[in-house]
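Since the structure comes first, as structure tokens, the remarks are kept for the end.
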Amino acid sequence: MLTCSRRPAGPPAPDPSHTPSRSKQRAARVARARRHNREQRPVNEARRRLDEARTQEIAARRIRNHMRDMLFAFKGAPSTSPFCTWVNDPREPEELPADWTPDDLPRNTLPDDPPF
């Protein structure tokens, strides 16, 4: 009499000692997300600073251009004031180039120190 051992068809069943539990999978997923957030935080902060600086620069250019327009509309001639010499400069473009960066000076002083 011949005995034959029967095995189930298909791949072998996974070893339960090697499959991570749901809590370990969740912990690994949370760790990955935290690592990603930690790496992205300085990138996002730099991008926010650049966007804010771009917005402020465009607003400043619009104000200066408006002042130039008003000077021409009401006076029709260049200003002779020594206090506002920039108003005689030509109009500035109100769009910034894609590679524009702010002219930030490094501040090695305390926030309460005067700017000079």
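Of note:
- Count - residues of the stretch 87-116 that are over 24 Å from Ala46 (Cα atoms) and either touching a Gly at 6+ places or on another chain (Cβ under 6 Å) or modelled with pLDDT under 90 (or both): 3
- Residues in the stretch 37-54 that are within 8 Å of the chain's Cα centre (by Cα) and either small (Gly, Ala, Ser) or not in a helix (DSSP H, G or I) (or both): Ala46 alone.
- Single match in Ala46, Ala53, Ala33, Ala73 (criterion: over 30 Å from Asp104 (Cβ atoms) and at pLDDT below 95): Ala73
- Cβ-Cβ distances below 7 Å connect the following pairs, each with a first residue in the stretch 51-69 that is more than 13 Å from Asp89 (Cβ to Cβ), a second residue that is surrounded by 14 or more Cβ atoms within 10 Å (Cβ to Cβ), and a separation of six or more residues or different chains: Arg54/Leu96; Glu57/Leu96; Ile58/Leu96.
- Residue list for the stretch 76-93, restricted to those being closer than 25 Å to Asp104 by Cβ and assigned to a helix (DSSP H, G or I): Thr85, Trp86
- Taking (1) among the acidic types (Asp, Glu); (2) surrounded by 11 or more Cβ atoms within 10 Å (Cβ to Cβ); (3) under 13 Å from the mean Cα position of the chain (by Cα) in turn, Asp69 satisfies each apart from (3).
- Applying the set (1) surrounded by 11 or more Cβ atoms within 10 Å (Cβ to Cβ); (2) modelled with pLDDT of 90 or more to Lys24 leaves exactly one unmet item: (1).
The values are calculated or read from the model by the stated rules, or taken from the named source; none is laboratory data. Computed from a prediction, not measured in an experiment: that's the story for all the values here. Backbone-built Cβ (ideal geometry, glycine too); neighbour counts: all protein chains shown.
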